[in-house]
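Here's the structure, in structure tokens; my notes come after.
The values are calculated or read from the model by the stated rules, or taken from the named source; none is laboratory data. Here the structure is a predicted model, which means the values were calculated and not measured. Neighbour counts are summed over all protein chains in view; Cβ atoms, including those assigned to glycine, are modelled from backbone coordinates with ideal geometry.
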There are 4 protein chains.
Amino acid sequence: MSDVYEPPSAFALHLGYELTEWRENFARYEMPIAAFIRNRQGLPHGGVHATLLDSAMGISGCWTGDSDRRIMTLTLSLNVQYIGRAGGTRLIVEARKTGGGRNTFFAEGAVTDDTGMLVAKGTGVFRYRPG
Amino acid sequence: MSDVYEPPSAFALHLGYELTEWRENFARYEMPIAAFIRNRQGLPHGGVHATLLDSAMGISGCWTGDSDRRIMTLTLSLNVQYIGRAGGTRLIVEARKTGGGRNTFFAEGAVTDDTGMLVAKGTGVFRYRPG
Amino acid sequence: MSDVYEPPSAFALHLGYELTEWRENFARYEMPIAAFIRNRQGLPHGGVHATLLDSAMGISGCWTGDSDRRIMTLTLSLNVQYIGRAGGTRLIVEARKTGGGRNTFFAEGAVTDDTGMLVAKGTGVFRYRPG
Amino acid sequence: MSDVYEPPSAFALHLGYELTEWRENFARYEMPIAAFIRNRQGLPHGGVHATLLDSAMGISGCWTGDSDRRIMTLTLSLNVQYIGRAGGTRLIVEARKTGGGRNTFFAEGAVTDDTGMLVAKGTGVFRYRPG
């Protein structure tokens, strides 16, 4: 990961996911599959994959290369497809900005586990927050 | 809430949300806005609303009226629109099944806060899990 | 329908759908189920329902009450759920704006046929076009 | 294109799009940008891109390699992101199946124009029709 630092959100700390790569139009987070993320069937909750995709897609459009110049976004819409079942011990999400302009942007991403299984794919529309 | 009991998932316990109403084709969860759900802008993380919508829409199609006869679902796809900014102290999600058949069903839901502000709306497609 | 007139698009003329109600935050279109809208299974093509939802949701945010003051929008994202099978002779779509601000807005809508069957539901995010 | 033949739907004939490549888990359609597909701003209507994506994603999961053995699908949900503005004279959609099982499958696709501009991306969930 680059030396541009982005402090984790309270929610990222609570769930245990971390930004492990960040560059222009790209971001990756990783997360251990802890017992506390399980749904009533014993699998990682769908909300976990949605959270990882929302975080990674959002920040993929916020790279500035400068820790002191932070850009914030608001999610306008999020779409998640639940394609496979997570195994292994970690979830990895990678996302990239796919288009947009000064005010809004589009991104897409994928969640895999550390065995390489495709777990979920997502798309989103985001808005840059003024100021 | 009815006396049909559904034990909370590990993830629901970790985030602090609870099923407060459940009947045929309908479910409601409520959740305190704790400090640990905040994103880097200090607002409830978008993944929280996605989690609440996924949980409530999914279980809206699982009512049997009998605690011993449980139905499980898998989320196929989830769509969330982030419409307003949460204030107040609690989030409330209400969801209803809107259609479907024996194998798959459709649902929609809305997240509001306890001041009545509309925060997010969602739709989803779910699959009943055999067995 | 009100006496505020909005000329149909070329595509609306080609498919045969017409604006039959329009007011602040609301729009309705209707469309005969012609033979030329059928898919390879003999049902109205999913793209027809998407078209009706996109048109009705988009224009639901464009009411000004004045035929000479037109507002244009761009669709940012569109989500459609295909819930039922159309019968009857006409499709009806009703849509409403559900939120948003000066630059972007959210809408939702439903397509039914003239027997009252729910065929599809949709949500969308739209952007006002400057100028 | 392969010599496996799939007759166009009535709607495909009415809009003028044709299957130009089809193989296991992949499909491409092409379509001239005719005057009759324009919206009230003079651009191809968003419903056109939705139609192309729905058609291509759906049929990407229906390849059998045998014109006499046809598989049919129903679209459960469709998501479209409108990323760029179409120019040129033709629209091209390419789609691939990304996962799924015996009953339902997932697909994604992209619409470009013949200048190479990315116009729209989409995802969908589909159900195989029994029989």
From A:ARG90, A:ARG96, A:ARG102, A:ARG127, residue being more than 15 Å from the chain's Cα centre (by Cα), modelled with pLDDT of 95 or more and among the basic types (Lys, Arg): A:ARG127
Among the residues listed as C:LEU19, C:LEU76, the single one being within 13 Å of chain D (Cβ to nearest Cβ) and in contact with a helix residue (DSSP H, G or I) (Cβ under 9 Å, 6 or more places away or on another chain): C:LEU19
Options D:GLY109, D:GLY87; residue that is touching a Ser or Thr at 6+ places or on another chain (Cβ under 6 Å) and on the phi < 0 side of the Ramachandran plot: D:GLY87
Any hit, segment C:32-55, residues being among the polar types (S, T, N, Q), out of contact with any strand residue (DSSP E or B) (no Cβ under 9 Å at 6 or more places or on another chain) and farther than 19 Å from C:LEU91 by Cβ: no
Lone qualifier among C:VAL93, C:VAL111 - being of a type in the set (Val, Ile, Thr) and touching a His at 6+ places or on another chain (Cβ under 6 Å): C:VAL111
Within segment C:113-131, considering residues that are farther than 16 Å from B:PHE106 by Cα and buried (at least 19 other Cβ atoms within 10 Å of the Cβ), the one nearest to the other protein chains (Cβ to nearest Cβ): C:VAL125
Given (1) closer than 20 Å to D:LYS97 by Cβ; (2) surrounded by fewer than 18 Cβ atoms within 10 Å (Cβ to Cβ); (3) hydroxyl-bearing (Ser, Thr, Tyr), number of the condition A:THR89 does not satisfy: (1)
Test for D:TYR82: is it aromatic (Phe, Trp, Tyr), within 18 Å of C:ASP54 (Cβ to Cβ) and within 13 Å of chain C (Cβ to nearest Cβ): yes
Lone unmet requirement of (1) more than 23 Å from C:PHE11 (Cα to Cα); (2) part of a helix (DSSP H, G or I) for D:GLY47: (1)
Of all residues in segment D:4-16 being closer than 23 Å to C:LEU78 by Cβ and assigned to a loop (DSSP other than H, G, I, E, B), the one that is nearest to the other protein chains (Cβ to nearest Cβ): D:SER9
Hits in segment A:100-123 - residues which are without any contact (Cβ under 8 Å) to a residue 40 or more places away in the chain and aromatic (Phe, Trp, Tyr): A:PHE106
Hits in segment C:19-44 (condition: buried (at least 23 other Cβ atoms within 10 Å of the Cβ) and in a helix (DSSP H, G or I)): C:ILE37
Selection from segment B:61-86 of residues that are surrounded by fewer than 21 Cβ atoms within 10 Å (Cβ to Cβ) and within 20 Å of A:THR75 (Cβ to Cβ): B:GLY84, B:ARG85
Hits in segment A:94-109 - residues which are surrounded by 21 or more Cβ atoms within 10 Å (Cβ to Cβ) and within 11 Å of another protein chain (Cβ to nearest Cβ): A:LYS97, A:THR98, A:THR104, A:PHE105, A:PHE106, A:ALA107, A:GLU108
Residues of segment D:55-70 that turn out to be in a loop (DSSP other than H, G, I, E, B) and over 20 Å from C:PRO44 (Cβ atoms), as a count: 8
Subset of segment C:33-63 that is in contact (Cβ under 8 Å) with a residue 12 or more places away in the chain and more than 14 Å from the chain's Cα centre (by Cα) - its residue that is nearest to the other protein chains (Cβ to nearest Cβ): C:ILE37
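Against the definition (part of a strand (DSSP E or B) and out of contact with any helix residue (DSSP H, G or I) (no Cβ under 6 Å at 6 or more places or on another chain)), how does B:LEU52 come out, yes or no?
no
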